[in-house]
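The structure appears right after this line, and notes come after that.
A short reminder: the numbers here are calculations on the coordinates, not readings from a lab. The structure displayed is predicted, hence computed values, not measured ones. In this analysis, Cβ positions are derived from the backbone assuming ideal geometry, glycine residues included, and neighbour counts consider all displayed protein chains.
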Amino acid sequence: MTTAQRAVAVSVRGHSGIALLGTLVVIGGGVMIGLLHTTAGRLGPLSHPSSQYARTSAAWLFDGGVMVVALGLGILVGVLVSTRRMACGSAESVAMLLCIGGLITLTLFPDRSRHGALALVGWIHSAASLLAFSALPIAPILLGHRHRRARGCSVLPSAARVLAIIAAVLSLVLIVGSVVQREIGGA
């Protein structure tokens, strides 16, 4: 093992607690969003987007959960960049930053105006959602591909890559379904 490899190994060990914290924060945000489906005014998970909770009494839970996920992803990006597992200007880091920015933006702009019409804020919300959920699977797909043959890597990058591919396919199905539904409903 070279001196550089030893230095990176020590750096990674020193950041493993922070990486675990970032992972737990993301999971915590996901649990908060999942709890939306247990609230009094719960919406049908297949017939309503989760962002509609932002117009209910559980808006704080939706916004808080999304912001907590963004925070956790930010922590993970920081750890990956500082341990040189991901380059600062790489496609993976840019995708993660776009996802974080999209998540923050979609909490700031409601999907509809107070009158129920799709106004400019709704278009911004939709674009931010599309950006966030399109960018999210890119990092694990690229990182999992890069680390699948790296010596000393666990199976986790490959597992994350497979799950990200599944998520990307399911997102694509939802996007296509939404477009088809708008076209049929608008005709």
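Using 0.36 nm per residue, how much length does the chain from Ser16 to Ala59 gain when fully extended, once their Cα-Cα distance is taken away? Kindly include the intermediate steps, with their values, before the conclusion.
Numbers: separation 43, 0.36 × 43 = 15.48 nm, distance 3.32 nm.
Length gained, Ser16 through Ala59: 12.2 nm.
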Check your understanding: Taking the highest mean first, how do the peptides 124-137, 23-36 order by number of other beta carbon atoms within 10 angstrom per residue?
Key -> 124-137, 23-36
